[in-house]
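Down below is the structure, laid out as structure tokens.
The values are calculated or read from the model by the stated rules, or taken from the named source; none is laboratory data. No experiment lies behind these values; they were computed from the predicted model shown. When we count neighbours, we look across all protein chains shown, and the Cβ atoms used for this are built from the backbone with ideal geometry, even at glycine.
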Ligand SMILES: [Zn+2]
């Protein structure tokens, strides 16, 4: 395998591996208490108190897009998250006529080794913030563009992508859960924005961040050594991927795999084997965080009947053909192109973002299709199958790992 992946894109968040206990100054509770004091201090003195410990860094978001900046590296540009410090955040908001309130900040995590607590804030309402931050070579970039532009062998970049994904999920969830679903009263943030609670004291319901599980499966025909790939009409041309679908209430993961495969392609699935899972915060904003749960699904039938309402097409592809598609796809080039575009955007040269185009991968005329890049779990399901040693679909266990599966 050419891709040595430590974890899936959006997993492996380096600032939330363990949440400190409440007495710890880095915990959500303690950090929120000290946030209140600092905001009050800064309002009165307009400067950061010298005894600030730990340091607070804030990541602004606008309409689901995190603030980012670009640093030209020797070989290729790379993006960074646009962290700003608390007094600056307060100053920016004051300049646009808004007072920064502690409830607006959402705790993301901490790194005690750096003495930093990280927060996110949604500044979608503050239009004047955009030119002000823009003058500092920062710009708000679509998370999907950052995802495509992330060098997956770069641990720092993968970590920042995971932080931005977590932050976007939380902020979008706050936007979607303004009111209590039980009594209809206003829902207010608690636990430094990690939960919400109904403001009606009689109701007092606790509201938790939403995660929507999705099964994603590579359907494999062991006998003919081929896999079922499909196209949705919203895909960029030539892109083929795995089948996927939301889990329904009262359904096991395995049942969801079998039902979705049957509904979309008419294929009957027998054995279902778990592969790995990936948080997916780049879906529609009405679904702030999907959890993609990946499986190999072994087919019991061969005849395909495509549900045209769900899919544009579905076809069996031989292992050789899929291997060719993986080999000739220029994923690295696509990543660098996206990183260069972010650099142009931060310089103010490029403004528009064509989201669909971000997914396009060149592979010359050598193959008629391509598979999504390494930022997607579909890529790893497909490449795990392609690079398995045994043709009958049973992975050969040896000292050397033969697939990306062992790294996840
Ligand atoms: Zn309520």
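Taking segment 65-82 only, how many residues are crowded, with 20+ Cβ neighbours inside 10 Å and within 19 Å of the chain's Cα centre (by Cα)?
Counting residues in segment 65-82 that are crowded, with 20+ Cβ neighbours inside 10 Å and within 19 Å of the chain's Cα centre (by Cα) gives 8.
Within segment 218-239, which residues are at pLDDT 95 or above and either outside the structural domain of residue 296 (by TED's automatic domain parsing) or outside any loop (DSSP other than H, G, I, E, B) (or both)?
Result: 218, 219, 220, 221, 226, 227, 228, 229, 230, 231.
From the residues in segment 197-233 that are closer than 26 Å to residue 250 by Cα, surrounded by 13 or more Cβ atoms within 10 Å (Cβ to Cβ) and within 16 Å of the ligand (Cβ to nearest atom), which one is nearest to the chain's Cα centre (by Cα)?
207
Does residue 214 meet the test of being in contact with a strand residue (DSSP E or B) (Cβ under 9 Å, 6 or more places away or on another chain) and assigned to a strand (DSSP E or B)?
The answer is yes for residue 214.
Considering only segment 184-196, state which residues are buried (at least 17 other Cβ atoms within 10 Å of the Cβ) and within 16 Å of the ligand (Cβ to nearest atom).
187, 189, 196
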